[in-house]
1. From 106, 94, 85, 60, grab the single residue that is closer than 16 Å to residue 4 by Cβ and either of a type in the set (Phe, Trp, Tyr) or touching a Pro at 6+ places or on another chain (Cβ under 8 Å) (or both).
2. Would you please name the residue that is surrounded by the most Cβ atoms within 10 Å (Cβ to Cβ), looking only at residues in region 95-121 that are β-branched (Val, Ile, Thr) and touching a helix residue (DSSP H, G or I) at 6+ places or on another chain (Cβ under 7 Å)?
3. Looking at (1) touching a residue at least 60 places away in the same chain (Cβ under 8 Å); (2) more than 22 Å from residue 6 (Cβ to Cβ); (3) not acidic (Asp, Glu), can you tell me which one residue 36 breaks?
4. Out of everything in region 18-64 that is under 18 Å from the mean Cα position of the chain (by Cα) and of a type in the set (Phe, Trp, Tyr), what residue ends up being farthest from residue 104 (Cα to Cα)?
5. So which residues in region 61-94 are out of contact with any helix residue (DSSP H, G or I) (no Cβ under 8 Å at 6 or more places or on another chain) and either closer than 12 Å to residue 112 by Cα or among the small types (Gly, Ala, Ser) (or both)?
6. Any idea which of (1) of a type in the set (Phe, Trp, Tyr); (2) under 30 Å from residue 96 (Cα atoms); (3) out of contact with any Gly (no Cβ under 8 Å at 6 or more places or on another chain) is the one residue 31 doesn't satisfy?
7. Pairs, please: C-beta under 8 Å, at least 6 apart or cross-chain, first residue in contact (Cβ under 8 Å) with a residue 12 or more places away in the chain and in region 1-21, second in a loop (DSSP other than H, G, I, E, B) and surrounded by 11 or more Cβ atoms within 10 Å (Cβ to Cβ)?
Amino acid sequence: MLVNVPLLVVPLIVYNIVGLGLIGGTGADPWISEVMSITMISGVLWAMSLGDLMITLSLFLLFFEIIKATRVGASSIIDHLLSTFVLIAYLVEFLIVGYAAHAVFFILMIIALVDVIAGFSISIRSATRDVSFTN
């Protein structure tokens, strides 16, 4: 049953923990705090912020969610329903909660939207391949 839990709920939970100030950078905007930096061969310093890291993590989780969407069966319906609830949670929080009115959160919400659309699209496409017509 744990396999049906949408993976994109993890960034939602982490964002709320950082937004409430329990972990993360100190200051007005914790999402711009630098997590790591590397000097490139060109000599330019490449820096990754906490927000960039969160979006990268969410994109990796989206990949696994799309792989989960290729499953066929009754559990895929539950998975799609839960993913839709996660998207609704993102949308409601974006509209209501002050610290969620941020570009990082908006991108996370769009990633959740892509998860829902891709999940339903892949399921519909694979369901049409399962239907066979005989004469």
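1. Among 106, 94, 85, 60, only 85 is closer than 16 Å to residue 4 by Cβ and either of a type in the set (Phe, Trp, Tyr) or touching a Pro at 6+ places or on another chain (Cβ under 8 Å) (or both).
2. 104
3. It is condition (1) that residue 36 fails.
4. 64
5. 63, 73, 74, 85, 88 - these are the residues of region 61-94 that are out of contact with any helix residue (DSSP H, G or I) (no Cβ under 8 Å at 6 or more places or on another chain) and either closer than 12 Å to residue 112 by Cα or among the small types (Gly, Ala, Ser) (or both).
6. (3)
7. Hits for this filter: 18/24; 19/97.
A short reminder: the numbers here are calculations on the coordinates, not readings from a lab. Computed from a predicted model, the values in this text were never measured in an experiment. We place every Cβ from the backbone using ideal geometry, glycine too, and count neighbours over all the protein chains shown.
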